[in-house]
């Protein structure tokens, strides 16, 4: 079982690595389709923000009610719905959403016990460090970064 401090550290390290990729992009780069199917980097940023928000809601429910609700639909269905709802956001709006959702995700993580249960740790890792790595690889491949 992972300690909270390790989960926080892994999430932060992954976020910094992901941020390095996003920080290299010009505004035009952010809007080039094809990073992940039809998605551009802006869409990916919003996607990550949405999963931060979802994880935060589930963590808060676990902390306050003692249970973590299941996802409302399949991951693919959630991703498709989120994309349709947010594809017209501006880059500025996407960046603001990303910063706010990650901040709230970190706040909720900080309220965890020192040794969170395995289900909570898996949620944090899956919507944090592991999720970032998936998209780091896509960004690196699309933009030709080794």
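For residue 109, indicate whether it is surrounded by 12 or more Cβ atoms within 10 Å (Cβ to Cβ), farther than 15 Å from residue 3 by Cα and touching a residue at least 24 places away in the same chain (Cβ under 8 Å). So residue 109 fails the test.
Just a yes or no: is a residue in the range 113-126 under 15 Å from residue 44 (Cβ atoms), in contact (Cβ under 8 Å) with a residue 40 or more places away in the chain, in a helix (DSSP H, G or I) and under 11 Å from the mean Cα position of the chain (by Cα)?
no
Restricting attention to the range 127-146, the residues that are at pLDDT 95 or above and not in a helix (DSSP H, G or I) total 1.
The values are calculated or read from the model by the stated rules, or taken from the named source; none is laboratory data. Keep in mind the model is a prediction, meaning the values are calculated, not measured. With ideal geometry, Cβ positions are generated from the backbone for all residues, glycine too; neighbour counts draw on all protein chains shown.
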